[in-house]
Amino acid sequence: MFKNRIAFKLSAGFVVIVLVSMMTIGLVFMQMFRQYAFASREQSMLSYARSISVVVAEYSQSNGQMQGFGGYMHSLDTLTESKVWITDSQGKLLPLISGMGHGNGQGQGQGMGSGQGLGQGKGQGQGQGMGQGSFKNSDPLPKEAENVILEVLAGKESISESFSSIYNEATITVGVPVVASNHAIIGSVLLHSPVTGVTETLNRAVRILAISLLLALILAVALGIFYSLLFTRPLKAMNRAAQEITRGNYLARTGVKRQDELGQLGDSLDLLASKLGSTINQLFQEKGKLNDIIASISEGIVAFDSSLTPVSVNAALSEIMNRPNPYLSEDIKIDLNKLEIEAQLTKVMEEKKPSQILKEWLGKKLMFTFSPIVDNQGTVTGSVALVQDISESVRLEQLRLDFVANVSHEFRTPLTVIRGSLEAMVDGTVEKSDEIRHYHERMLAETRGLERLVGDLLELSRLQSGKTTINKEMLHIPSLLADTVRSLQTIAEKKGITIEYLPEQDVPLFLGDYDRLRQLLVIFLDNAVKYSPPNTRVSVETNLLELNMLAIIIRDQGQGIAADELPHIWTRFYKIEKSRKGEGTGLGLAIAKHLLELHNGQVSVQSELNKGTVIEIKLPLDKIRYKEGE
């Protein structure tokens, strides 16, 4: 867990960089120091070797008369800190040198000094050589020096680094030729020295480097942790702010106040939170508005995802589908499967085109409008179905058609009678005065029927437009009812129907329009008589209800009205009898309801098929009760 933290990574990286840098610098330094130490030692030994070579050459030319040469030769090892060997021109080690001199002849010559020596001359001239002296070096010549001697006797100075069999460690061997005054090589000087001093110095340098690395490691770890925490602290603050933003707290801020890139990042994150909070608030507002709009739509709306699963619905859908609210997704899916609209939804999503389909559901006619949901990339992510209950529209359209047919029929029948009567009289088919009078009466009756139809249409139009005026006065309802019953008694008697009126005498006066109230009572009583079978009874009674309300109840023993027809009887042009054999135009009840509304009244209808109908009219009374004669 800790390894995944950026503080650990930064600290580890910092430490690794410091260690690699210091080790690289240390190794380069050690290598340079080693090269410098070796080069310095080699140059020092080469300088000693050259000096010795010059001394040996001068000694050979001085016929052994050089003062202090013996002591010099004995102190060579100490002075040079090396093993010193001197060889002749043949590469043979000279263990003892007592003097150097000249000889005559080509072969052997007598040297000058205290000992014999081998010399070499040119022709008959004098030869020169090195003889016995006081320097003694009995150590054997190492094998690695043989190649050096060959190069030196060839006239070259030689330097060799190798493992010495004498010292059992790395050594430096330096060889310098001994050159006579005639430029002839008469021998060689070899210096052989171990690199113990250099190695010890390098080892001390390694120890110092290791201690430095350890101290640097401790310091690097401390500084790495410090700077890592300094770097990660604002990152943690920004992370906490980001997590708060993901939880919906758009007021969260990083609190980072710096002038570097981290400060800029913190400011950007704070600005993002502010802008995001403002945008989210706007989206919530727009979503709330959209939800309110969808909730206020009277049509049902259901949204589907790409797998045709319902994801969102409005409240109107449950009412349209006759289901309880809330309308569960499982129930929606079951009902829509019964309606078999899945294929249509799939087609809409494939073709990316809206379509409509009409379905019947529980006695309703539902219009489904399907539309695909397409994102910015043109990919279909779902679909939306708009469900409209067009049952009322279909019913109203049917009413309109029925009204046109009824009005056409109502106009055509009297017009046909009038035309036929006129044609008969014009053709002379009817000549008798009695028959002519009969035809005139028929035309007059049909004309009055047309007038009544037109009058009803005009009356309903005025009532619906609100242009009707009423003349209110104090009325005695029982007297009005008695007058209305008497006017319809004649019509009722023709069918053998008895109209019984049971008045409530103690009824207060009512403020209303006499003619309009009489008109609506005539409509209700006329319908009761018209649709009652012969030899039945129609009763009219009044009751005083609480809250200053007068009830007028009309009962008949007619054929009744079906329960599903009751809500529509107040609609204009609506006729229960579809065969057109019934009388009237279907405007009476619509007119009566409008007249009742002008008097702030209410009406309710209770009916059962083949048992009759009860109509209850309620009229509001004034709080002051006026009796007859007061």
Condition test on residue 561, is it β-branched (Val, Ile, Thr) and at pLDDT below 85? no
Against the definition (touching a residue at least 40 places away in the same chain (Cβ under 8 Å), more than 17 Å from residue 599 (Cα to Cα), of a type outside the set (Val, Ile, Thr) and open to solvent by less than 70 Å² (accessible area, probe 1.4 Å)), how does residue 482 come out, yes or no? no
Does residue 383 satisfy the criteria of being surrounded by 13 or more Cβ atoms within 10 Å (Cβ to Cβ) and hydroxyl-bearing (Ser, Thr, Tyr)? yes
Can you tell me how many residues within segment 273-308 are surrounded by fewer than 15 Cβ atoms within 10 Å (Cβ to Cβ) and over 24 Å from residue 389 (Cβ atoms)? 18
Has segment 402-415 got at least one residue that is in contact with a Gly (Cβ under 6 Å, 6 or more places away or on another chain), part of a helix (DSSP H, G or I) and open to solvent by less than 50 Å² (accessible area, probe 1.4 Å)? yes
Residue count, segment 508-521, condition out of contact with any Ser or Thr (no Cβ under 6 Å at 6 or more places or on another chain) and either assigned to a helix (DSSP H, G or I) or among the β-branched types (Val, Ile, Thr) (or both), comes to 6
Please find, among 325, 376, 291, the residue that is more than 30 Å from residue 590 (Cβ to Cβ), without any contact (Cβ under 8 Å) to a residue 24 or more places away in the chain and not in a loop (DSSP other than H, G, I, E, B). 291
Within segment 457-472, how many residues turn out to be loosely packed, with under 11 Cβ neighbours inside 10 Å, under 16 Å from residue 515 (Cα atoms) and in contact with a helix residue (DSSP H, G or I) (Cβ under 9 Å, 6 or more places away or on another chain)? 1
Can you run down the residue pairs with Cβ atoms below 7 Å, 6 or more apart or on separate chains, where the first is in segment 389-401 and in a helix (DSSP H, G or I) and the partner is among the aromatic types (Phe, Trp, Tyr) and surrounded by 12 or more Cβ atoms within 10 Å (Cβ to Cβ)? 399/573; 399/574
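Rundown of residues vs (1) at pLDDT 85 or above; (2) farther than 19 Å from residue 500 by Cβ; (3) open to solvent by 60 Å² or more (accessible area, probe 1.4 Å), yes/no style:
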site: 527; (1), (2), (3): yes, no, no
site: 554; (1), (2), (3): yes, no, no
site: 568; (1), (2), (3): no, yes, no
site: 579; (1), (2), (3): no, yes, yes
site: 602; (1), (2), (3): yes, yes, yes
Elements of type strands (runs of 3 or more DSSP E) in segment 149-256, at least 1 residues being closer than 28 Å to residue 56 by Cα and in contact with a Lys or Arg (Cβ under 8 Å, 6 or more places away or on another chain): 169-179, 185-194
Report yes if residue 297 is in contact with a helix residue (DSSP H, G or I) (Cβ under 8 Å, 6 or more places away or on another chain), at pLDDT below 85 and under 15 Å from residue 367 (Cβ atoms), otherwise no. yes
In contact with a His (Cβ under 6 Å, 6 or more places away or on another chain) and not charged (D, E, K, R): which single residue out of 450, 463, 422, 458 fits that description? 463
Given the conditions (1) hydrophobic (A, V, I, L, M, F, W, C); (2) part of a helix (DSSP H, G or I); (3) surrounded by 16 or more Cβ atoms within 10 Å (Cβ to Cβ), which single one is not true for residue 370? (2)
Take the conditions in contact with a helix residue (DSSP H, G or I) (Cβ under 7 Å, 6 or more places away or on another chain), aliphatic (A, V, I, L, M) and either modelled with pLDDT of 90 or more or within 20 Å of residue 558 (Cβ to Cβ) (or both) and apply them to residue 502. Does it pass? no
Is it the case that residue 541 is out of contact with any helix residue (DSSP H, G or I) (no Cβ under 7 Å at 6 or more places or on another chain) and loosely packed, with under 15 Cβ neighbours inside 10 Å? no
Please give the number of the condition residue 324 fails out of (1) more than 28 Å from residue 378 (Cα to Cα); (2) surrounded by 11 or more Cβ atoms within 10 Å (Cβ to Cβ). (2)
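The values are calculated or read from the model by the stated rules, or taken from the named source; none is laboratory data. Nothing here was measured: the structure is a model prediction, and the numbers come from that model. With ideal geometry, Cβ positions are generated from the backbone for all residues, glycine too; neighbour counts draw on all protein chains shown. Just the protein is used for accessible areas: all its heavy atoms, side chains included, with ligands, DNA and RNA removed. Shrake-Rupley method; radii C 1.70, N 1.55, O 1.52, S 1.80 Å.
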